[in-house]
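Structure first, commentary second.
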Amino acid sequence: MEGKSAIKFAVITVSTSRYEGKISDESGDLASKLIRSSGNRVIFRWLVPDVAAKIKGEIFRAFNFSPDAIILIGGTGPTKDDLTDSCVKSVSDKIIEGFGERFRDLSYKEVGDNAMIGNAIMGMFNDGVIIAVPGSPSAVGTSLKLAINILPHILSLRRREL
């Protein structure tokens, strides 16, 4: 990131099966790789099951490491245990609606109408950003490219002196 300081990310995968070690965390691995290859840093990485209290707990625990942005991967769809987007809404003091809209627009070009069920969301908490994205590798790639592009501007606006 020429001319800009590296963004510090916390990466949290929300998936009961991955948390239990039943399957690998391909999307979390991809997110970490994309973050690092863009000149940014992963300072916290964790897995959490699809349980609202645990998701919120990990968000607050991650903030102890002073990330600029937390990305939560998975749990944003229509199933009863997809709680990530709701958790981000409940802990955020502001929602950036355009992030989810733009993500779905970009995703539509890749997956068609299925894009509308991916509840990508960006929220603000104190001076940091919380992002929840669908768990597929394709969605992670699309959302991270978008987030990495816009985060320096969002963070500078959020952290400016009034």
Sequence of ASP93, ASP82 once ranked by neighbouring C-beta atoms within 10 Å, starting from the fewest:
ASP93, ASP82
Taking the number of other C-beta atoms within 10 Å as the exposure measure, put MET116, MET122 in order starting with the fewest.
MET116, MET122
If the elastic network links every pair of Cα atoms under 10 Å, which of PHE44, PHE99, PHE65 fluctuates the most in the Gaussian network model of the chain?
PHE65
Starting with the fewest neighbours, write out SER66, SER27 ranked by other beta-carbon atoms found within 10 Å of each beta-carbon.
SER66, SER27
For the range 88-111 versus the range 24-77, the gap between their alpha-carbon centres in whole angstrom
17 Å
Under a Gaussian network model of the chain whose springs join Cα atoms within less than 10 Å, the largest fluctuation of LYS89, LYS80, LYS145 belongs to LYS80
For the chain, modelled as a Gaussian network with Cα springs under 10 Å, which listed residue fluctuates most, ALA139, ALA31, ALA115?
ALA115
In the structure shown, of LYS80/LYS145; LYS109/LYS145; LYS22/LYS56; LYS89/LYS145, the pairs separated by more than 18 angstrom at the C-alpha atoms are LYS80/LYS145; LYS22/LYS56; LYS89/LYS145
Considering the Cα trace of the range 8-158, what is its radius of gyration and what is Dmax, both in angstroms?
13.8, 41
So what is the relative contact order for the range 8-158, in percent, with contacts set as C-alpha pairs under 8 Å and at least six apart?
26 percent
Please list the helices of the chain that count as membrane-span-like by this rule: a mean Kyte-Doolittle hydropathy of at least 0.0 together with Cα atoms stretching 20 Å or more along the helix axis, each helix being a complete DSSP H run.
137-158
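Every number in this text was worked out from the coordinates using simple rules, so none of it is lab data. Since we're looking at a predicted model, the values are computed, not measured. Ideal geometry is used to build each Cβ from the backbone, glycine not excepted, and the neighbour counts take in all protein chains shown.
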